[in-house]
1. Considering only residues that are part of a loop (DSSP other than H, G, I, E, B) and surrounded by 11 or more Cβ atoms within 10 Å (Cβ to Cβ), which ones fall in the range 139-157?
2. Can you work out which of the residues in the range 1-24 that are under 19 Å from the mean Cα position of the chain (by Cα) and closer than 16 Å to G54 by Cβ is modelled with the lowest pLDDT?
3. Every residue in the range 70-109 that is free of Cβ contacts under 8 Å to residues at least 60 places away in the same chain and over 20 Å from the mean Cα position of the chain (by Cα), please.
4. Of the conditions (1) surrounded by fewer than 17 Cβ atoms within 10 Å (Cβ to Cβ); (2) touching a Ser or Thr at 6+ places or on another chain (Cβ under 7 Å), Q45 clears all except one; give me its number.
5. Taking the range 92-117, which residues are assigned to a loop (DSSP other than H, G, I, E, B) and not hydroxyl-bearing (S, T, Y)?
6. Considering only the range 86-114, state which residues are buried (at least 17 other Cβ atoms within 10 Å of the Cβ) and aliphatic (A, V, I, L, M).
Amino acid sequence: MEKSTAKFQIDTLDKQILSILKENARVPFLEVARDCHISGAAVHQRVQRLIRLGLISKSQFVLNPKRLGYETCAFMGIFLERASMFKDVVEEIGKIPEVTECHYIMGNYSIFIKVYARNNEHLKSILLEKLQVIKGITRTETLISLEQTIDRQIPVE
């Protein structure tokens, strides 16, 4: 379950630290400390507290799909036979390595996923051989991304 930030008091210093780290999670704590005019130990303690509070959920390297040979990015809306099949369908979708995001949504679709493929033929193969064969999926709609123009996190205010 997600933790709501409304339950937690974060001060201006926490917000400053979060703003720096969201731009570059690899920045050394000593550099953050210099920018915030506090000690490295204080930054470490605050970051650990923010992690415990659930305000920071993870830090990771972000791979460049194109550099790894994945030229096609697509979003797919998935229609389910019955809403009660959601859990089983998501479990099967999770077995497809090219699926990088999966959202349970309201609207026309039940599920919305993000998929990376080497090219359009690979995308077709994922769609026909891996996705549309999952029991409970009645149909899909695919949107191919031509370019990602914005990639950011929410602001820390």
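The values are calculated or read from the model by the stated rules, or taken from the named source; none is laboratory data. Please read all numbers here as calculations on a predicted model, not as lab measurements. As a convention, Cβ positions derive from the backbone with ideal geometry for all residues, glycine included, and neighbour counts pool all protein chains shown.
1. Correct list: V156 only.
2. Out of the qualifying residues, it is M1.
3. Of everything in the range 70-109, those that are free of Cβ contacts under 8 Å to residues at least 60 places away in the same chain and over 20 Å from the mean Cα position of the chain (by Cα) turn out to be L80, E81, R82, A83, S84, M85, D88, G107, N108.
4. (2)
5. G94, K95, I96, P97, E98, I105, M106, G107, N108
6. Result: V89, V90, I93, V99, I111, I113.
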